[in-house]
């Protein structure tokens, strides 16, 4: 997978307050790797936004004060609850051979036959927490929905994830196509589908012979 370059500077955490760092126009952060001491760092918004405001999982080539690049991923970002400004960021270093836990986004590809026939697509599960080696990281998990019919579901355990190990087990629903509804004379009528076995509720909840919910 492709990586993103990021240059940062070391931060004197003992003698400089994070509020002072922000007033100077920089964003405080920390780089850490399991088993070693963390390194306080700073970045600017222009350089940081490409790894924060993305739906993909990216490997970051981190350069600290001109030192040799270190492979890492963005582990956590804190935002101001009022202004949505970035307050702090955490970068976790990657070590070959050591597995990590990370959320990978799910991307639906193709146009389902159900949608072409008038159904409504419900994308329920948008990311999944997995455990894997750094070399097996992917930007996104692509799920082909081209054969998805009205009233049918695609579930997580039906997808080949390769070397990605799902952390939270369960038969979560990724996506489904619900029946269209036609309003006539003030009455809403569901379009029938003779192959219906599973269905998606209006709010994206999965139902199998009854009502149930599927979340991320």
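What follows is calculated from the coordinates using simple rules that are stated; it is not laboratory data. These numbers come from a predicted model, not from an experiment.
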In whole percent, what relative contact order does the stretch 1-88 give with Cα contacts below 8 Å and a gap of six or more residues? 32
So how far, in whole Å, is the C-alpha centre of the stretch 51-70 from the one of the stretch 85-111? 11
Semi-axes of the stretch 3-95's equivalent ellipsoid from the Cα gyration tensor, sqrt of 5 times each eigenvalue, largest first, rounded to whole Å? 19, 17, 12
Percent antiparallel among DSSP beta bridges confined to the stretch 3-95, nearest 5, equals 65
